[in-house]
């Protein structure tokens, strides 16, 4: 019993340390543990600690950004926190390459970009680097707002992903694509369940503490704009490749065409069950092109299918956007002839959603 009390104190101290990185409003905010298996909104610190304890302190995390990030579907959350994930599995020579990547990343943050001294945690399987910053709402600036019509993600989330690539020279975990809704921070003193399974030291440890300063994101803005432009070019090229692939498929015999008219992971993983998150992404990237261009439904039929699905989703987790507007936007874009994202590409672009649909399919 004494060991548990001592450990509980460590968790409290670690939790307070992580909270010191975050900006107000501190609550409500979402947490996640191994036992929960999903993000749960909590309203105070004690509520979070109670859930950490009930999960035996395994996989305790809190979102770096508060719960209410949008208003009528428009991002209202300025950039305040950046995160880097250096996972051991991505380095062929293990510790030496991982240490080299860590030092290079810290040097990039300190000297080459924003002059920051971030927190570094050892998670048992790699390093997490947490850098609080002084930022603002990019959507309020015309030079950046023009990009919002091309991307389904808000500019704060896109900046978080850009910064991770910039700081690491693209050596970060490729499947780690944090957004303001999924920027989950591990708690020092908690346990990594994967390490427990492997019978390794599972405790999350502080390697370096941040210097309590929030450097400005201003030095990165010019690079971010170039990154957005290149991402737009890459997306267009990917759509062209998809169109070419499906044109080849369409030229196959009728039996093959009938077979592809129903994509199992979309039917079983999405349409058959509602989802509490990723709804806007699914409308734009998956359902609109799938219903129009694979199943060859009319716009009216496609609208009805998506609208019915969103009604069920709303019962599970209230929608924070205008469904009619988003469906019309999705169908308008899909009417240009592009196809839904492939399962392989989904794994790279949205790992959280990929895991959900694969488990359901």
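Derivation of every value follows stated rules applied to the coordinates shown; laboratory data play no part. Please read these numbers as outputs of a predicted model, since none were measured by experiment. Because the Cβ atoms are built from the backbone with ideal geometry, glycine has one as well, and the counts that use them run over all protein chains shown.
Under the Kirkwood approximation applied to all pairs of distinct alpha-carbon atoms, what is the hydrodynamic radius of the stretch 252-360 in Å?
Numbers: mean 1/r = 0.0709 Å⁻¹.
One decimal place: 14.1 Å for the Kirkwood radius.
Diagonalise the Cα gyration tensor of the stretch 84-142 and give the resulting equivalent ellipsoid semi-axes, square root of 5 times each eigenvalue, largest first, whole Å.
On the way: eigenvalues 143, 32, 23 Å².
Ellipsoid semi-axes (Å, largest first): 27, 13, 11.
At a Förster radius of 30 Å, what calculated FRET efficiency corresponds to the Cβ-Cβ distance of residue 297 and residue 74, to the nearest 0.05? Intermediate values should be presented prior to the final figure.
Working: r = 29 Å, r/R0 = 0.98.
E(calc), rounded to 0.05, equals 0.55.
Taking the inverse of the average 1/r across all pairs of different Cα atoms in the stretch 206-246, what Kirkwood radius in Å do you get?
Taking the inverse mean of 1/r over all distinct Cα pairs, the stretch 206-246 comes out at 13.5 Å.
Just from the alpha-carbon atoms, what are the Rg and Dmax of the stretch 106-208 in angstroms?
16.0, 52
Could you estimate the translational diffusion coefficient of the stretch 261-303 from the Stokes-Einstein equation, with Rh from the Kirkwood formula over C-alpha pairs, at 20 °C and 1.002 mPa s, in whole µm²/s?
Numbers: Rh = 10.7 Å.
Once the numbers are plugged in, D ends up at 201 µm²/s.
Using a 10 Å cut-off around each Cβ, can you sort 82, 287 from fewest to most neighbouring Cβ atoms? Show your work: numbers first, answer last.
Details: 82 29, 287 25.
Listed from fewest to most nearby Cβ atoms, that is 287, 82.
How high is the FRET efficiency from residue 332 to residue 205, r the C-beta distance, R0 35 Å, rounded to 0.05? Working shown, then result.
Details: r = 50 Å, r/R0 = 1.43.
About 0.10, to the nearest 0.05.
Past the 18 angstrom mark, what percentage of all C-alpha to C-alpha distances in the stretch 30-72 do you count? Each step should come with its number before you reach the end.
On the way: 214 of 903 pairs.
For the stretch 30-72, the share of Cα pairs beyond 18 Å comes to 24 percent.
With an 8 Å cut-off on Cα pairs and a minimum separation of 6 or more residues, tell me the relative contact order of the stretch 1-160 in percent.
Numbers: 187 pairs, mean separation 31.6, N = 160.
Answer for the stretch 1-160 is 20 percent.
Jot down the radius of gyration and Dmax of the chain, Cα atoms only, both in angstrom.
Taking only Cα atoms of the chain, I get Rg and Dmax of 21.6, 71 Å.
Where the centroid of each part is defined by its Cα atoms, how far is the stretch 116-146 from the stretch 170-235 in Å?
Result: 8 Å between the Cα centres.
Over the C-alpha atoms of the stretch 165-238, what are the Rg and the largest Cα-to-Cα span, Dmax, in Å?
17.3, 46
Which order do peptides 37-43, 64-70 fall in by mean Cβ count within 10 Å, highest first? Mind showing how you got there, number by number?
Working: 37-43: 14.0, 64-70: 18.3.
Put in order of decreasing packing, that is 64-70, 37-43.
Round to the nearest 10 and give me the degree value, 0 to 90, for the angle of helix 45-54's Cα axis relative to the longest principal axis of the chain.
Once rounded, the angle reads 80 degrees.
How much length would be gained if the chain were fully extended between residue 50 and residue 322, taking 0.36 nm per residue of separation minus their Cα-Cα distance, in nm to one decimal?
Working it through step by step, the gained length comes to 94.4 nm.
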